[in-house]
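Okay, structure first, notes after.
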Amino acid sequence: MTVRCPHCGSTNTHQSSSITTTTAGAGAIGGIATAVSKTLGKGIPAGGAVQFAAGIIISSIFSGLAGTLLGAKVGSELERSMPPKHHCNQCGHSFTSMKQLS
């Protein structure tokens, strides 16, 4: 089904996934913050500053990735329960598509 912009009539539109993007970003930030706070809570080991820094970086990467995946899944489920939001590439108008009766 071709979606037309109600503002300019263009068919040059795309479906927005802003909720998924937002929740994935929030999940990444949450995952990284959790990893850093847990690592800092243990304290810096004596003579192991380089290993400590590497541990923070590695755990932040994996925790951020896990948070991103979880956030994207939650956002995807939220978007499935809402009417699709579209964005017109021609005029920049955002709108919710309505099912057309035929």
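Every number in this text was worked out from the coordinates using simple rules, so none of it is lab data. This one's a predicted model, so the numbers in the text were calculated from it and none came from an experiment. Ideal geometry is used to build each Cβ from the backbone, glycine not excepted, and the neighbour counts take in all protein chains shown.
If you work out Kirkwood radius over Cα pairs in Å from the coordinates, which of (i) 16.4; (ii) 14.7; (iii) 13.8 do you get? Computed from these coordinates, Kirkwood radius over Cα pairs in Å corresponds to label (i). Under the simplified labelling scheme, the T96-A66 pair shows an inter-label distance of 3.6 nm, with each label point 7 Å from Cα along Cα→Cβ. Per-residue ellipticity at 222 nm, computed for the chain from helices alone with -39500 (n - 2.57) per DSSP H run of at least four residues, works out to -20000 deg cm²/dmol.
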